[in-house]
Amino acid sequence: MSRFFLTTPIYYVNDVPHIGTAYTTLAADILARFHRARGEEVLFSTGTDEHATKVLRAAEARGMNVREFVDGMAGRFQEAWRELGVDDHVFIRTSEARHIAAGQEFFRRLQERGDIYQGEYEGWYCVGCETFFAAEEAPEKEGVRPCPNEPQHKPLELVRETNYFFALSRYGDRLLEWIDANPGCLLPEFRKNEVVSFIKQGLRDVCITRSAVGWGIPVPDDDSQVIYVWFDALINYITVAGFPNDAESMDAWWPASLHLVGKDIYVRFHCTLWPAMLMAAGLKPPRCVFGHGFWMNEGTKMSKSLGNFIEPLKLAEWLETVSGSTRPIARDAVRYFLFREMPFGEDGNFSRSSLVQRFNGDLANDLGNGLNRALNMVRQNFVREGAPDGETPPPSEAEVRLKALAPEIHARVTASLEAIDLQGALTAIWDYVAALNGYIGERAPWVLARQGKRDELAGVLRHALEGARVLTVWLSPVMPVASQEMRAQLGLSSTPTWEEALQWDALQTGAPLGSPVPIFPRIDRKRLEEGNRIMSGETPQSVAPAAPAPTPAPPAPTAEAPQQTEGIATIGIDDFAKVELRVAVVLSAERVPKADKLLHLKVSLGDEERTVLAGLAEYYQPETLVGRRVVMVANLAPRKLRGLISQGMLLAAEADGKVSLLQPDTELPAGARIR
Ligand code: MSP
């Protein structure tokens, strides 16, 4: 069986868990679940870094004994990860005896090999990022030396001590050779280039002990010194793998398959110091180090001093309150949001309004609707004794597109997860969500039911349910609870294997289905306001309304006011506000018999479906419109055309005989108001 060992950084315990630390841990959990679902043996480790000077100072500032303090804080991290659904993992603490033994043995080995020596150290230390800087790396400004990495940290402190040094400078060439010989060992590619140029600038030996700190792993045979916190912390990865006493376990698990870290600790520590330390100890460097981007809070960097860290459990509690969903579902939604919203390697901006939009659009609407609609139709049409919510209908003629798309999407999701592109995986999954909704809209089972075409209806619903089942497999690493709930509604109880997504017709004909309860209830404006009131103990955050806000006052006329178009009267903002413009998603499109210009469309406005007759037949093939987001006038009086009632109008631009439908340039939810 193949093995996969992945790690997160071990987090400093001077801070409580926040969405930054949750981000890395949840990404690792998603990947661990993915590798487990593929049948691999997975070792997943996370933990706490407890020997930092800032941890000691945080305990002192609270008047607490440092041991009691770190025990309490490590507990907070363990609880947060449990609550956020982080599955089976090893939690390593640097204050554990097994790690202290590993740290000392590692130090001894490097001493024996001649890579550690004693010397005089004079330099500048940043307690905030626990990093030493040479004077020229951190120039003086207005009488103090600000931290070159994080200027908001406390000014650097001068350190003059006799210390031990690690001969990092000897490893520059070997590091470059390793990077060159192992494409893919440093990801994403653009960060690898930063590492290469950092190493090429020349590496200095690093001071790896501190005297008079009194909190840390004692240097072997010299307890006047403790091991520098970074040197100590990096070793945690091999402690977990079994170093130094369990050679069998080390053989099985080392080198680690993947170290996931944030970009802050990527270049200097995980891609330079750590592989060099391993080389010095005669151990292999990791197979891959991935450096992801950073979350900002509503445009501002999150930091302890600004007090704007977002705590993931509080955020999930807020979402639970405003959505009226269960707590585990709210937590799943937070997991989804964090990886859908920003590309994994890049930085992004957190805002509650985007979370609400993703919840309503992607989850309540797109994901929730397909399964819910199909199950409700089954309940209306295929009920029997012993299956009050309906039974899985028998298969009918293959619905080629939907079925054939599943293996294609499976390959995309798998490749994205292998490449640690979490957003790419979610985008591929949502392409299938859109295809499934498009399929249901196109095959219109409600029409088949009305027409009494029972066999065809069974086939359509059967395929819709199969499509939803396949989705539960891909969703299981990211939203394990929602995936289980969807499976329960589909009458399935097992946790899926990854390969299950490649089966079609896996649902058992006649098996009872569960009750079709919407898994992600839509967050409406009233709930949002109530929820915010309830949670108002928290820092107020800007929240986008889910329903129209009051119409803004008309702007004062200005000299630059646009010229009136000839023949069209100027209107006031009040006139414009009378037009209700909304984003609509095309569910189905077909030609109207004996009408060359007309297309008969069914569109979704989120909560309701409308019929629209549009004069687009000369410009668009009907099938190319299914699944598109368009702009619709939603309050136009209904009009009868060719025996059908048109309940709205789509907006299109026209020039030089060409017609182009307007569409929003991001995936806004169906029904979103346009102003
Ligand atoms: N203790 C060291 C790591 C030692 S690993 C051998 C440390 N700890 S930390 O608590 O500061 O955690 C830093 C890590 O937390 C980042 O590398 C990243 O994984 C995560 N994040 C912290 N803030 C973050 C954001 N704002 N956004 C995304 N991830 C962030 O450094």
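State yes or no: is Ala419 closer than 15 Å to Phe344 by Cα, among the small types (Gly, Ala, Ser), more than 15 Å from the chain's Cα centre (by Cα) and outside the structural domain of Glu189 (by TED's automatic domain parsing)? Full working, then the answer.
Details: closer than 15 Å to Phe344 by Cα: yes; among the small types (Gly, Ala, Ser): yes; more than 15 Å from the chain's Cα centre (by Cα): no; outside the structural domain of Glu189 (by TED's automatic domain parsing): yes.
Against the criterion (closer than 15 Å to Phe344 by Cα, among the small types (Gly, Ala, Ser), more than 15 Å from the chain's Cα centre (by Cα) and outside the structural domain of Glu189 (by TED's automatic domain parsing)), Ala419 does not qualify.
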- Message: Here is a check on your reading of the model: is Ala411 in the same structural domain as Glu466 (by TED's automatic domain parsing), buried (at least 21 other Cβ atoms within 10 Å of the Cβ), among the hydrophobic types (A, V, I, L, M, F, W, C) and within 22 Å of Phe339 (Cα to Cα)?
- Response: no
- Item | Residue list for the range 405-446, restricted to those being in contact with a Ser or Thr (Cβ under 8 Å, 6 or more places away or on another chain) and of a type in the set (A, V, I, L, M, F, W, C) | Leu422, Ala425, Ala428, Ala444
- Taking the range 271-292 only, how many residues are touching a helix residue (DSSP H, G or I) at 6+ places or on another chain (Cβ under 6 Å) and within 12 Å of the ligand (Cβ to nearest atom)? 3
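Okay, residues lined up against (1) within 15 Å of the ligand (Cβ to nearest atom); (2) at pLDDT below 95:
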position	(1), (2)
Asp15	yes, yes
Ala37	no, no
Leu43	no, no
Ile92	yes, no
- Item | Residue among Ser257, Ser224 that alone is farther than 15 Å from Val289 by Cβ and either more than 16 Å from the ligand (Cβ to nearest atom) or surrounded by fewer than 24 Cβ atoms within 10 Å (Cβ to Cβ) (or both) | Ser224
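Within the range 149-176, count every residue that is under 37 Å from the mean Cα position of the chain (by Cα) and either open to solvent by 60 Å² or more (accessible area, probe 1.4 Å) or among the acidic types (Asp, Glu) (or both). Talk me through it step by step, then tell me what you get.
Here is the first cut: in the range 149-176, the ones under 37 Å from the mean Cα position of the chain (by Cα) are 149-156, 168, 171-176.
Add one more test, that the residue is either open to solvent by 60 Å² or more (accessible area, probe 1.4 Å) or among the acidic types (Asp, Glu) (or both), and what stays is 149-152, 154-155, 173-174.
Selection size over the range 149-176: 8.
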- Return yes or no: is Val447 open to solvent by less than 70 Å² (accessible area, probe 1.4 Å), in contact (Cβ under 8 Å) with a residue 12 or more places away in the chain and in the same structural domain as Phe359 (by TED's automatic domain parsing)? no
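Are any of the residues in the range 207-217 basic (Lys, Arg) and under 35 Å from the mean Cα position of the chain (by Cα)? Write out each step before concluding.
Kept after step one, since they are basic (Lys, Arg), are these residues of the range 207-217: 210.
If we keep only those that are under 35 Å from the mean Cα position of the chain (by Cα) as well, we get none.
The answer is no, given that none of the residues of the range 207-217 is basic (Lys, Arg) and under 35 Å from the mean Cα position of the chain (by Cα).
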- Item | Counted residues, the range 285-341 - those being touching a Phe, Trp or Tyr at 6+ places or on another chain (Cβ under 6 Å) and part of a strand (DSSP E or B) | 4
- What number goes with the only condition from (1) open to solvent by 20 Å² or more (accessible area, probe 1.4 Å); (2) basic (Lys, Arg); (3) touching an Asp or Glu at 6+ places or on another chain (Cβ under 9 Å) that Arg373 does not pass? (3)
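Any idea which of Glu83, Glu60 is more than 30 Å from Ala281 (Cα to Cα), touching a Pro at 6+ places or on another chain (Cβ under 9 Å), modelled with pLDDT under 95 and open to solvent by 10 Å² or more (accessible area, probe 1.4 Å)? Walk me through it before giving the result.
Values: Glu60 fails: touching a Pro at 6+ places or on another chain (Cβ under 9 Å).
Every option except Glu83 fails the conditions.
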- Exception for Asp71 within (1) touching a helix residue (DSSP H, G or I) at 6+ places or on another chain (Cβ under 8 Å); (2) part of a helix (DSSP H, G or I); (3) surrounded by fewer than 21 Cβ atoms within 10 Å (Cβ to Cβ) falls at (1)
- Yes/no for Ala364 being in contact with a helix residue (DSSP H, G or I) (Cβ under 6 Å, 6 or more places away or on another chain), more than 16 Å from the ligand (Cβ to nearest atom) and touching a residue at least 12 places away in the same chain (Cβ under 8 Å): no
- Quick check: anything in the range 620-638 assigned to a helix (DSSP H, G or I), open to solvent by 80 Å² or more (accessible area, probe 1.4 Å), under 22 Å from Ala444 (Cβ atoms) and at pLDDT below 85? yes
- Test: residue in the range 231-253 that is part of a loop (DSSP other than H, G, I, E, B), among the aromatic types (Phe, Trp, Tyr) and away from the ligand (no atom under 12 Å from the Cβ): yes
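Suppose we filter Ser483, Ser515, Ser493 for residues that are hydroxyl-bearing (Ser, Thr, Tyr) and either modelled with pLDDT of 95 or more or touching a helix residue (DSSP H, G or I) at 6+ places or on another chain (Cβ under 6 Å) (or both); which single one remains?
Working: Ser515 fails: either modelled with pLDDT of 95 or more or touching a helix residue (DSSP H, G or I) at 6+ places or on another chain (Cβ under 6 Å) (or both); Ser493 fails: either modelled with pLDDT of 95 or more or touching a helix residue (DSSP H, G or I) at 6+ places or on another chain (Cβ under 6 Å) (or both).
Just a single option satisfies the conditions, and that option is Ser483.
The values are calculated or read from the model by the stated rules, or taken from the named source; none is laboratory data. What you are looking at is a predicted structure, and each value in this text was computed from that prediction instead of being measured. All Cβ positions, even for glycine, are placed from backbone atoms using ideal geometry, and neighbour counts span all protein chains on display. Accessible surface is based on the protein model in full, side chains and every heavy atom, while ligands, DNA and RNA are left aside. Shrake-Rupley method; radii C 1.70, N 1.55, O 1.52, S 1.80 Å.
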